[in-house]
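The values are calculated or read from the model by the stated rules, or taken from the named source; none is laboratory data. All values derive from a computational prediction rather than experimental measurement. Cβ sites come from the backbone with ideal geometry, for glycine too, and all protein chains shown count toward neighbours. In case anyone asks, the SASA skips ligands and DNA or RNA and just uses the protein heavy atoms, side chains included. Shrake-Rupley method; radii C 1.70, N 1.55, O 1.52, S 1.80 Å.
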Amino acid sequence: MPQLYAMRRARNTILMTLSVAATVVGLGWLVLVLGALLWNGFTSLSVQVFTEMTPPPGSAGGLLNPIVGSLMMTAIAVAIGTPVGILAGTYMAEYGKYTNLTMVVRFINDILLSAPSIVVGLFIYEVMVRPMGHFSGFAGAVALAVIVVPVVVRTTEDMLILVPKELREAATALGVPRSHVIAHVSYRAARAGIITGILLAIARISGETAPLLFTALNNQFFTLDMNAPMSSLPAVIFQFAMSPYHDWQNLAWAGALIITFAVLALSIAARSLAGRKVV
Amino acid sequence: MVDIPIQAGVVAAAEDISRAKSLSRLRSTDAIFRAMTLTAAIAVLLILGGVFVSLASGAAPALRTFGLRFLYTEVWNPVTDQFGAIAPIYGTLVTSFIAMLIAVPVGLLIAMFLTELCPMWLRRPIGIAIELLAGIPSIIYGIWGLFIFAPFLQRTLQPALIETFGNVPILSSLFAGPPYGIGMLTAGLILAIMVLPFITSISRDVFEATPPVLKEAAYGVGCTTWEVVRYVVVPFARVGVIGGVMLGLGRALGETMAVTFVIGNAHRVSASLLAPGTTISASIANEFTEAVGDLYTSALIALGLILFFITFIVLAIARYMLLRLERRLG
């Protein structure tokens, strides 16, 4: 018997040590990635990055046009994707809570949530770029909107379900029609959660590269024309990092740092707004 | 004095009319709003359907030309318009396999640490850190892999592997060739770092869902922490863990940017993990905008269709598993 105890204790000690080691290694590895990013990013960051255009190889420049392009495409993607997402989430939580359609939509939505984003790029290429005959910032924005929708659907549904049904019943008992109950009671009660979902969706698309590569393509010049190819931070990072030019590689690091900060700021804002874990 | 009741009657009638009007207006806004939400919900289904239909129609020329041969031939020659998908499919599966081989045990061990060992005050910060890291865009991991991790592997791990296994049969072919830095192994390792936060945070959530009574009972009869995890927590959370792992696998299979930077983009199947290869998503990302000719484009879209199928199946299994766990928890 004592041997059995000793063996069990030993096994426990070994596995607990492994568990601590895994945590140290796992977190340490991630710290290494972030450390390298901060180091290389900050050494490449300067005011010019925000004020000048992308340079030809071998000369100095900045990332103004991709930053503006990313902001514009993100804004339009959110403008298209958010209403669809909120309405779909509303149907699932308010009207069709127990219907088969809701079950199917929820299942498909969850799959879309983690579907490979490059496939979304191919989809938009087929339905927009090919018929229009050219790449455009608008196609890029629609591709991003396709990624926004499932994130917003999921959070909206989750948050509306959390709204106590007594609130809806109280409003309905006063004779308030259903759409007004939803707009003035449910949405108001779930507002923080829904905004959280939108912030998470923005965080998600601000780093997306794959869907933009063959929808918005890239553009080395400044443009506000959504009907023309448009540069974006991730696409420029991809192009510059893969290039042999040192200036370009430095700009890629600076861009990577900007994106990471944006994503972290958005996720932290979303988290503190919700006050709890979502998605 | 006579007209007062008449007036009141008129006012009441007018009120009735305006009441009926606003009621019917409300009824129609109600119906419109409901129809809008229903349309949006159906739009979600249409997106997925649209993805499938557009990919299938885009892939049709290549699939018609090559038939099933597309799935198992290795040649990828844009000049002669000969395309086969086995190299990218092989690369996708191998890199994802390497990633899961590392990320699953490490992720589960971290989840065990977080739920059983970690002091209370540390749990929240580590948990939040892991969730934030899960949100970092993959291009960041890609650029790190290209500039820092690949050169590091080229100097250290890869020569060591070649030296150690160079004379061992079977293993020597796995680690053959010069240390390029980039290649399948590097891509697999980067993917492992990427999916680690996903697997960890889902496993932690399902571990935490184990009713404390069960664990307390096990501790009460003298189980060690490992025994509690092994015989109580894991069996209880099994479906959820499998779901989480499949979700991570789905991400690894479809991941584009982190892999594209370090895979080397070579369309060939080689036994050596150190050799450059390609994955489905990396091929598409690298070649799509440069693809001239309809057949070339179509072949790349056919690759996308294959990827869509594989990930759809994996993700569907993942969601089904997680759904089962949810149902059991009520």
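Odds and ends about this structure:
- Taking 0.36 nm per residue of separation and subtracting the Cα-Cα distance, full extension of the segment from residue A:4 to residue A:245 would add 80.4 nm.
- The accessible surface of segment A:57-182, taken with every protein chain in place and a 1.4 Å probe, is 69 percent carbon and sulfur.
- Segment residue B:323-residue B:176, length gained on full extension (0.36 nm per residue, minus Cα span): 48.6 nm
- Taking every Cα-Cα distance in chain B and sorting them into 20 Å bins starting at zero, the pair-distance distribution P(r) comes out as 24, 43, 21, 8, 4, 0 percent.
- A crude spin-label estimate for the pair residue B:72 and residue A:189, with each label 7 Å from Cα along the Cβ direction, gives 5.9 nm.
- Residue mean of other protein chain beta carbons inside 10 Å, A:206-214: 5
- Dmax and Rg, reported as Rg then Dmax, of segment B:173-330 (C-alpha, Å): 20.6, 70
- List A:16, A:103, ordered by accessible area with a 1.4 Å probe, largest first: A:103, A:16
- Å³ per residue enclosed by the Cα convex hull of segment A:19-97: 176 Å³
- Size descriptor, Kirkwood hydrodynamic radius, that averages inverse alpha-carbon separations across segment A:1-146, Å: 21.0 Å
- Förster radius 22 Å - calculated FRET efficiency between residue A:165 and residue B:35 (Cβ-Cβ, nearest 0.05): 0.45
- Calculated FRET value between residue B:269 and residue B:221, using beta carbons and R₀ = 60 Å, to 0.05: 0.70
- Nearest 10 degrees, 0 to 90: helix B:120-134 Cα axis against chain B principal axis: 80 degrees
- Of the whole protein surface, residue A:215 contributes about 0 Å² of accessible area at a 1.4 Å probe radius.
- Chain A: projected area of the alpha-carbon convex hull, averaged over directions, in nm²: 22.1 nm²
- Shielding score for B:25-37, defined as the mean number of other chain Cβ atoms within 10 Å: 5
- Formal net charge of residues neighbouring residue A:117 (Cβ-Cβ distance under 10 Å; K, R +1; D, E -1): -1
- Surface accessible to a 1.4 Å probe, residue A:174 within the full protein complex, Å²: 150 Å²
- In whole angstrom, segment B:1-88 maps to an equivalent ellipsoid with semi-axes of 72, 9, 7, each derived as √(5λ) from the alpha carbon gyration tensor and ordered largest first.
- Pairing chain B with chain A buries about 7300 Å² of accessible area. This figure sums both sides and uses a 1.4 Å probe.
- Taken residue by residue and averaged, Cβ atoms of other chains lying within 10 Å of the Cβ of B:105-116 number 5.
- Helix runs (DSSP H) in chain A reaching 27 Å along axis by Cα, Kyte-Doolittle at least 0.0: A:2-44, A:64-90, A:137-162, A:246-274
- Cα-based helix-to-principal-axis angle, B:234-254 vs chain B, degrees rounded to 10: 80 degrees
- Base-10 log of normalised Debye intensity for segment A:138-182 (one unit scatterer per alpha-carbon) at q = 0.15, 0.22, 0.29 Å⁻¹: -0.56, -0.76, -0.96
- Each Cα pair of the protein assembly as shown feeds into the Kirkwood radius, which the Stokes-Einstein equation turns, at 37 °C and 0.692 mPa s, into a diffusion coefficient of 125 µm²/s.
- B:118, B:223, reordered so the largest accessible area comes first (probe 1.4 Å): B:223, B:118
- Taking all pairs of distinct alpha-carbon atoms in segment B:110-219, Kirkwood radius in angstrom: 16.8 Å
- For segment A:84-184: rounded, prolate or oblate by the Cα gyration tensor [a/c cutoff 1.5]: prolate
- Förster-model FRET efficiency, 56 Å R0, residue B:12 and residue A:272, C-beta, rounded to 0.05: 0.55
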